[in-house]
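Undergrad: Before we start, here is the structure in question, set down as structure tokens.
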């Protein structure tokens with residue numbers, strides 16, 4: 001483990017529990033942001049191929065419906081995991 005990572009871990013361990021929770025939330029936020037950016041990069045990489053194949057672009061309503069469906073699935077999955085704990 002790099003030395004700076006160990007220093008960060010020690011600083012986090014010195015925080016009170018409520019601040020640790022904030023750090024955890026922030027790390028989760030950063031991870032989600034990284035995943036979203038990676039997904040956008042993948043989408044942009046295939047966009048020319050989709051256009052060349054004649055796939056019609058999605059409307060804003062279709063995009064929102066997809067986003068809503070994924071979010072609902074994630075909420076359901078989190079809820080299922082929480083009930084198992």
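Undergrad: Among (1) under 14 Å from the mean Cα position of the chain (by Cα); (2) exposed (fewer than 10 other Cβ atoms within 10 Å of the Cβ), there is one condition residue 16 misses while meeting the rest; what is its number?
TA: Here residue 16 meets the rest and fails (1).
Undergrad: Starting from segment 64-76, keep only residues that are under 16 Å from residue 36 (Cβ atoms), then list their pairs with residues that are at pLDDT 95 or above and in a helix (DSSP H, G or I) whose Cβ atoms are within a distance under 9 Å, requiring at least 6 positions of separation or different chains.
TA: Pairs that qualify, where the first residue is under 16 Å from residue 36 (Cβ atoms) and the partner is at pLDDT 95 or above and in a helix (DSSP H, G or I): there are none.
Undergrad: Show the residue pairs that are 6+ apart or on different chains and have beta-carbon atoms under 7 Å apart, the first residue being within segment 21-34 and in the same structural domain as residue 11 (by TED's automatic domain parsing), the second being modelled with pLDDT of 95 or more.
TA: 23/12; 23/15
The values are calculated or read from the model by the stated rules, or taken from the named source; none is laboratory data. Here the structure is a predicted model, which means the values were calculated and not measured. Cβ: placed from backbone, ideal geometry, glycine included. Neighbour counts: every protein chain shown.
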